[in-house]
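What follows is a short report on a single structure.
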């Protein structure tokens, strides 16, 4: 906050979702002074409501968006290579029945094409008869299935918001200045760039900063910010609401179950620790803050109950937590204000970037987590267009530390008992979990646990978050409210009910660690 107040920056990024986070990291790596703010916590809107999937967009083949699929597959492959412990390939088993919008044979051809477009970087697809599907996944109801198709993509082992945070942390380590809970109240164009009027949402303090250029990475709110700055663009955003329900674990395999719902839209059963995530939906809305409805929950439960042979049908009482958010989808800004003129089924999660050279303003429309590295490189090119010189050979702005460092940490971790398997995580050891969360800083935990073995125990019941980690979260991760920690730096609030967390004895320890009040659980 001290550096923001009166600070002068080459680039100021507004919005701390995935687009803003990668922009800050990419630009800081190229030697620019970067400021980044979000009016809430980082990744606290669309970026915390994803399916946790890192994928090339198999479904986009249906609309013949081959260039987009190619681009997303290449980005997926790059992410898998850069984050080997955090982004894992896994199989998707699709059950094709009467609700599928195309015949099984065409889906099979599409899967081969998808594999080839993705440079065959994943396991090759396989085609199954219904009996073989049931043998692979006995839980799947194959009574009306025509065939099964298994192909491969990838997913995040941690949660999406933590992945976004990793780019914010990288930007900070590269010299950027970033703060959550800071709102851009007003931005005024000057001869030298921009004067920014900011509000600290925690203290209420107002202050100013200046920047030579501005990046609008406000996600679903890019249009509103541009309107406030009197900026006209060629694109705009429309909203699609999607929800996910977290329920007790349905299938024990590390495999995504894929189905078409009654509207012929894909939905999934996705592994998350010792839970399953059901989703997503696709509903038109003009409200970026559209809440979860009873109809949303009933629809998803009805769909999954009809497609799985469960001992007892899932009910609302089985829902542990949920995700509900809007996808910002890019359309042409042709003067329309609603969705009536938009061919909804043809919209994808592509992104567009507009550069206003005169104002030194870059706007990022749309996008998705899988495409984040492309956004980071493209925003650097865009800032170059507005006249800012950058390093020709940037520092590394993404990826895990080298494998040799990881293996050295694993050896140290074994000496304090962290080579044991975690209770709930899908990982070989606690050491792997700690590495994918903290990277090289995980080594700071070893002497703490060696001095006091109780620090190597979970802070809340049945979790994999260790007491020793709390100091790292406190000192390095900008936890302002407890929900920042429970929902975004970790996924505790996703995989445990609010009642379980509220009554857990470890909650007092968490509040004490972050110097938070007893009533600070609300998000």
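Readers should treat all values here as calculations from the given coordinates under stated rules, not as data from a laboratory. All values reported here derive from a predicted model rather than from experimental measurement. With ideal geometry, Cβ positions are generated from the backbone for all residues, glycine too; neighbour counts draw on all protein chains shown.
Of all DSSP bridge pairs formed entirely within the chain, close to 80 percent run antiparallel.
Of the residues 1, 80, the one with the fewest other Cβ atoms within 10 Å heads the list, and the complete ranking is 1, 80. The stretch 362-436 and the stretch 37-87 have Cα centres spaced 14 Å apart. Summed over qualifying helices (DSSP H, 4 residues or more, each -39500 (n - 2.57)) and divided by its residue number, the chain shows a 222 nm mean residue ellipticity of -8500 deg cm²/dmol.
Multiplying each eigenvalue of the alpha-carbon gyration tensor of the stretch 1-100 by 5 and taking the square root yields semi-axes of 35, 16, 14 Å, largest first, rounded to whole angstroms. Packing, taken as the mean count of other beta carbons within 10 Å per residue, orders the peptides 254-262, 295-303 from highest to lowest as 254-262, 295-303.
Cβ crowding within 10 Å ranks 246, 34 as 246, 34, fewest other Cβ atoms first. Sorted on the mean count of surrounding Cβ atoms within 10 Å across their residues, most packed first, peptides 440-447, 496-503 read 440-447, 496-503. Largest first and in whole Å, the equivalent-ellipsoid semi-axes of the stretch 163-305 read 39, 20, 14, each the square root of five times a Cα gyration tensor eigenvalue. Could you tell me the relative contact order of the stretch 124-262? Use alpha-carbon pairs under 8 Å, at least six residues apart, and round to a whole percent. Relative contact order of the stretch 124-262: 12 percent. Each principal axis of the Cα cloud of the stretch 403-514 was evaluated for its coordinate range; sorted largest first, these ranges are 40, 26, 25 Å. Kirkwood radius and radius of gyration were both taken over the C-alpha atoms of the stretch 204-260, and their ratio Rg/Rh is 1.23. Multiplying the residue separation of residue 292 and residue 499 by 0.36 nm and removing their Cα-Cα distance gives an extension gain of 72.6 nm.
Cβ-to-Cβ counts within 10 Å put 241, 461, 316 in ascending order as 316, 461, 241, the fewest first. Relative protection proxy for 476-489, 419-432, from highest mean packing down: 476-489, 419-432 (other beta-carbon atoms within 10 angstrom). Note on residue 444 and residue 3: the extension gain reaches 156.1 nm, defined as 0.36 nm multiplied by sequence separation minus the Cα-Cα distance.
Gap in Å between the Cα centre of the stretch 290-338 and the Cα centre of the stretch 172-224? Between the Cα centre of the stretch 172-224 and that of the stretch 290-338, the gap is 33 Å.
For the chain, the C-alpha radius of gyration divided by 2.2 N^0.38 Å, with N the number of residues, is 0.97.
Contact order for the stretch 230-387, expressed relative to its length and based on alpha carbon pairs under 8 Å spaced 6+ residues apart, stands at 27 percent. The mean sequence separation of alpha-carbon pairs under 8 Å and at least six residues apart, normalised by the residue count of the chain, gives a relative contact order of 18 percent.
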